[in-house]
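Everything on this sheet refers to the single structure shown next.
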Amino acid sequence: MKSTKIVVAYSGGLDTSVMVKWLIERKDAEVIAATGDLGQKKELNGVQAKAYATGASKVYVRDLREEFLTGYVWPALKAGAVYEKSYPMATALGRPLLAKMLVDIARKEGATHVAHGCTGKGNDQVRFEVSVAALAPDLKVLAPLREWEFKSREEEIVYARKNNIPVAATVASPYSIDENIWGTSIECGVLEDPMVEPPADAYQRSISPELAPDTPEYVDIDFEEGIPVGVGGSRLEPVSLVFTLNDMGGAHGVGRIDLVENRLVGIKSREIYEAPGASILHFAHTELERLTLDKSVFHMKNQLASEYADLVYNGLWYSPLKNALDAFVDETQKTVTGTVRVKLYKGNIGVAGRKSVFSLYNARLATYTEEDQFDHRASEGFIKIFGLPVRTYHQVQNAVAAGLEEQPEKEVLQSVPVR
Ligand code: ARG
């Protein structure tokens, strides 16, 4: 019996495979591998056998796709949480759920440690460790990539060969790729030069807009209380709904994002994202809110959206601020029910129509025809009072500039006729 039991977040890639062996060897530990299926396209069938072959004593592969969407992605979608106005946060949203999986399994197995394969200069280490700290403050977290001796992929491969760790025979991608159902994150290689346009092979799940069909595609998306429930008139479960929009959007080259972003650890990095479904859903959801939310609620919610995005990006999913923002957002979503018709065309997402029983759009108030019921005369008094502070300010400024000893009486200022 080994004294230390470690649950490892295992992907089947080179880093986490080497990690399993390294932990067994260096920490004299029993290692349990845990893989979460968040809807990554990469085949998970071989993962179990590979983990055993690498020395894991037990392997868990959990389908977390539905929980990922309903418990993590939908709240972020409802909040309009997009980091630095661009990144829908597929990677960032997945980490707290993977951390929860590690904690669940550690409890079940009586493990004292969990380990992840994140590097020492990214956001993901923070997300994993802060999430584990929140869910299980007593568990210790190991981050082998921060402490081990390997300085390159080549050195890891040498170690893997020496230890009979199965290494994929395929030519390694020059990119670092993290993917799940909400999107793909791609960095490294030539992408590290922000002046270099991503080569075609950097993209994994979308066609280039130049090669996209010449005819646009229209699709209706139905929402209930801010949550997407149907596509093209058919009701769909969360997983198939997002897969459907990923395929549709990918075929029209939508959802490609090229971003120089501010990491939590203080550096700027350049990342390419592909998130066709996420981009379409954020777009459509906002369009429905434009129709159904009261103006001040819509404005306040937009301010809080960037706060929400920051906290997700910074690994604070299990925080009181997140819970408090969710309560606000959920209150706002009570009327975000309806349909948005989007138009996908050569990399663009446009709105082609929207409707809701809660629509606050009033045609009789908005129209310029004889149906008009807006009280035009009421605007006169409204403008007089609304513009009063600005009028007062400029009268004082003008008086000072003209060198007047005494300023005109306030009363005089205020009784100046509107025209
Ligand atoms: N920059 C993104 C984030 O912090 C993605 C990180 C993972 N990217 C990757 N290519 N492995 O959420």
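For this structure, a couple of remarks:
- Stokes-Einstein diffusion for the stretch 241-299 at 37 °C, viscosity 0.692 mPa s, with a Kirkwood radius from C-alpha pairs, works out to 244 µm²/s.
- Whole-Å distance, taken between Cα centres, linking the stretch 173-188 and the stretch 343-390: 42 Å
- Across the stretch 338-353, coupling constants 3J(HN,Hα) worked out from phi with the 6.51/-1.76/1.60 Karplus curve, θ = phi - 60°, read x, 10, 10, 9, 9, 10, 9, 7, 6, x, 10, 10, x, 9, 10, x Hz, and Gly and Pro carry x.
- Packing, as the average of other Cβ atoms within 10 Å across residues, places the peptides 187-198, 126-137 in the order 126-137, 187-198, highest first.
- Karplus 3J(HN,Hα) series, Hz, for the stretch 62-78 with 6.51 cos²θ - 1.76 cosθ + 1.60 (x for Gly, Pro): 10, 7, 10, 4, 5, 4, 4, 5, 6, x, 10, 6, 4, x, 5, 5, 4
- Net dipole in debye of the chain [+1 Lys, Arg Cβ; -1 Asp, Glu Cβ; about Cα centre; nearest 20]: 960 debye
- Applying the criteria of a DSSP loop state and at most 16 other Cβ atoms within 10 Å to the chymotrypsin sites (Phe, Trp or Tyr not before Pro) of the stretch 280-328 yields Y318.
- Estimated inter-spin distance, S176 and L365, nm [label 7 Å along Cα→Cβ]: 5.1 nm
- Inter-probe distance in nm under a simple model that places probes 7 Å from Cα toward Cβ, at D375 and T339: 3.7 nm
- The sum of -39500 (n - 2.57) across all DSSP H runs of n ≥ 4, divided by the residue count of the chain, sets its helix-only mean residue ellipticity at 222 nm to -12500 deg cm²/dmol.
- Among 394-401, 177-184, the order from most to least packed when residues are scored by Cβ within 10 Å on average: 177-184, 394-401
- Since only T4, A172, G249 are under comparison, the one whose Cα sits farthest along the positive direction of the charge dipole of the chain, derived from C-beta charges on Lys, Arg, Asp and Glu, is T4.
- Beyond 29 Å in Cα-Cα separation lie the following of the pairs K2/K50; K295/K355; K58/K322; K41/K346: K58/K322.
- Two-decimal Rg to Rh for the stretch 1-88 - Kirkwood Rh, Cα set: 1.11
- Max-minus-min Cα coordinates of the chain on each principal axis give 90, 57, 44 Å, with the largest extent listed first.
- Net length gained if the chain between E66 and T119 were fully extended (0.36 nm per residue, minus Cα distance): 16.3 nm
- Averaged over residues, the count of other Cβ atoms within 10 Å places the peptides 14-20, 236-242 in the sequence 14-20, 236-242, highest first.
- With the simple spin-label model, which puts each label point 7 Å out from Cα in the Cβ direction, the R290 to E155 separation comes to 5.3 nm.
- Remark: the stretch 154-165, residue by residue, has Karplus-estimated 3J(HN,Hα) of 4, 5, 5, 5, 4, 4, 4, 4, 4, 9, 6, 7 Hz, where x stands for each Gly or Pro and the curve is 6.51 cos²θ - 1.76 cosθ + 1.60 at θ = phi - 60°.
- Among P213, A133, S185 the positive-end extreme of the charge dipole of the chain (Cβ point charges): A133
Just so you know, all these numbers are worked out from the coordinates, no wet-lab data involved. Note that the structure is a prediction, hence the values are computed from the model and not measured. Reconstructed Cβ throughout: ideal geometry from the backbone, glycine too, with neighbour counts over all protein chains shown.
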